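Single-structure report; data block below.
The values are calculated or read from the model by the stated rules, or taken from the named source; none is laboratory data. Just so it is clear, the structure is predicted and the values come from calculations on it, not from any experiment. In this analysis, Cβ positions are derived from the backbone assuming ideal geometry, glycine residues included, and neighbour counts consider all displayed protein chains.
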Amino acid sequence: MAADLQPKASSSTSTYAGLGIPLILPAWAIIGFFLVLPVMMMLIYSFLTKEFRGGVIWEFSLAAYDQFFFDRGLFGDELPKIEWTYITIFWRSIWQAAAATLLCLVIGFPTAWFIATRTARNRSIWLFLVTIPYWVNLLIRTISMKFLIRDNGPMNELLMASGLISEPIHIINTNLAVQLGLFYSYLPFMVLPIYAAVERYNFALSEAAADLYASRTITLTQIILPTIKPGIIAGCILVFVPSLGAFLAPDLLGGAKNFMIGSLIEEQFKGAAGNWPFGAAASMILLSLVLLVLTLYARQQTREQG
């Protein structure tokens with residue numbers, strides 16, 4: 001019997017022998033053209049000189065990075081001082097993205113747990129409801145959020161009609177509005193990885209913990225969370241990274257006082273007044289921060305596995 005199966009296994013495994021590189025070349029070509037090439041262009045542009053009418057002059061310069069970190073006065077002839085304007089925007093982006101990630105985790109974890117513990121048929125329905133907003137363009141969804149939470153929008157009208165408030169709650173053009181926009185935009189990115197991890201969880205572990213008189217808190221913190229930790233971390237990364245560079249929610253919901261790094265970068269590439277080298281430098285600084293976070297996470301995972 002084993003002898004009969006051997007030729008089949010051998011022929012099956014040797015079907016694509018020697019074709020590894022040709023098969024992966026299309027994927028590498030797409031990654032190189034649509035990912036590596038644009039990043040390299042941004043890196044090169046960040047070291048060029050701004051052209052007065054927009055675009056760049058092909059002369060090497062560190063002026064874009066100097067502008068991000070230092071203030072040398074209106075005419076550039078003063079002693080350099082720390083440029084807190086852009087650093088503040090960068091810091092605001094970090095804590096806004098972190099707050100959005102935390103909010104998505106607080107809502108997304110119980111949602112994912114609820115979906116994963118339903119029957120197979122009901123799970124499909126709930127997953128459909130979670131992902132259906134992504135059938136609509138992000139711009140349209142963000143504008144709909146703006147219409148919903150504005151002072152004379154449906155939310156305030158409903159609250160005033162019910163007698164819960166006497167005057168509209170001002171949410172638009174605040175940090176809270178940006179948080180709501182980021183939360184609404186990226187919540188499924190938190191729910192789906194955690195759902196996948198919970199679905200693979202062996203619930204016999206929870207039953208064994210209950211048999212040993214472990215409380216629900218101990219079962220959650222010492223058994224469930226460590227087991228589904230990879231899904232939680234994946235969800236946090238998938239929410240934090242796009243939230244850090246988001247510009248639609250800050251522009252449409254936050255206003256000028258809630259500028260984030262994504263909005264700053266976008267402004268540099270709009271119209272003749274844009275500063276392409278500065279926008280490219282801000283993009284590279286943002287990319288470096290993201291890569292630093294991912295590298296630290298990868299090193300921590302390597303230590304834990306080691």
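Numerical summary
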{"quantity": "Subset of segment 56-84 (residues that are in contact (Cβ under 8 Å) with a residue 24 or more places away in the chain and buried (at least 16 other Cβ atoms within 10 Å of the Cβ))", "calculated": "V56, A63, A64, Y65, Q67, F68"}
{"quantity": "Selection within segment 162-185 - over 20 Å from the mean Cα position of the chain (by Cα) and aliphatic (A, V, I, L, M)", "calculated": "L164, I165, I169, I171, I172"}
{"quantity": "Residue among T174, T142 that alone is touching a Lys or Arg at 6+ places or on another chain (Cβ under 9 Å), β-branched (V, I, T) and farther than 30 Å from L225 by Cβ", "calculated": "T174"}
{"quantity": "Filter result (buried (at least 16 other Cβ atoms within 10 Å of the Cβ) and either under 19 Å from V106 (Cβ atoms) or touching an Asp or Glu at 6+ places or on another chain (Cβ under 8 Å) (or both)) within segment 197-218", "calculated": "A197, V198"}
{"quantity": "Failed condition for Y201, given (1) over 17 Å from the mean Cα position of the chain (by Cα); (2) in a helix (DSSP H, G or I)", "calculated": "(2)"}
{"quantity": "Unique residue being at pLDDT 90 or above and closer than 15 Å to A280 by Cβ when the list is L103, L43", "calculated": "L43"}
{"quantity": "Test: residue in segment 234-255 that is at positive phi and surrounded by fewer than 18 Cβ atoms within 10 Å (Cβ to Cβ)", "calculated": "yes"}
{"quantity": "Selected residue [in contact (Cβ under 8 Å) with a residue 12 or more places away in the chain, part of a helix (DSSP H, G or I) and more than 20 Å from F183 (Cβ to Cβ)] from I94, I107, I115, I87", "calculated": "I87"}
{"quantity": "Failed item in (1) without any contact (Cβ under 8 Å) to a residue 40 or more places away in the chain; (2) assigned to a helix (DSSP H, G or I); (3) more than 19 Å from F240 (Cβ to Cβ); (4) not hydroxyl-bearing (S, T, Y), with L139 passing the rest", "calculated": "(1)"}
{"quantity": "Among (1) at pLDDT below 90; (2) part of a helix (DSSP H, G or I), the one test that N173 misses", "calculated": "(2)"}
{"quantity": "Lone unmet requirement of (1) in contact with a helix residue (DSSP H, G or I) (Cβ under 7 Å, 6 or more places away or on another chain); (2) farther than 20 Å from Y86 by Cβ for L296", "calculated": "(1)"}
{"quantity": "Matching residues in segment 148-161 - criterion: being surrounded by 13 or more Cβ atoms within 10 Å (Cβ to Cβ) and over 24 Å from the mean Cα position of the chain (by Cα)", "calculated": "R150, D151, G153, M155, N156, L159, M160"}
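Conditions (1) modelled with pLDDT of 90 or more; (2) assigned to a helix (DSSP H, G or I); (3) farther than 14 Å from A100 by Cα, marked per residue:
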site	(1), (2), (3)
Y186	yes, yes, no
L192	yes, yes, yes
A196	yes, yes, yes
T217	yes, yes, yes
T221	yes, yes, yes
I224	yes, yes, yes
V239	yes, yes, no
D251	no, yes, yes
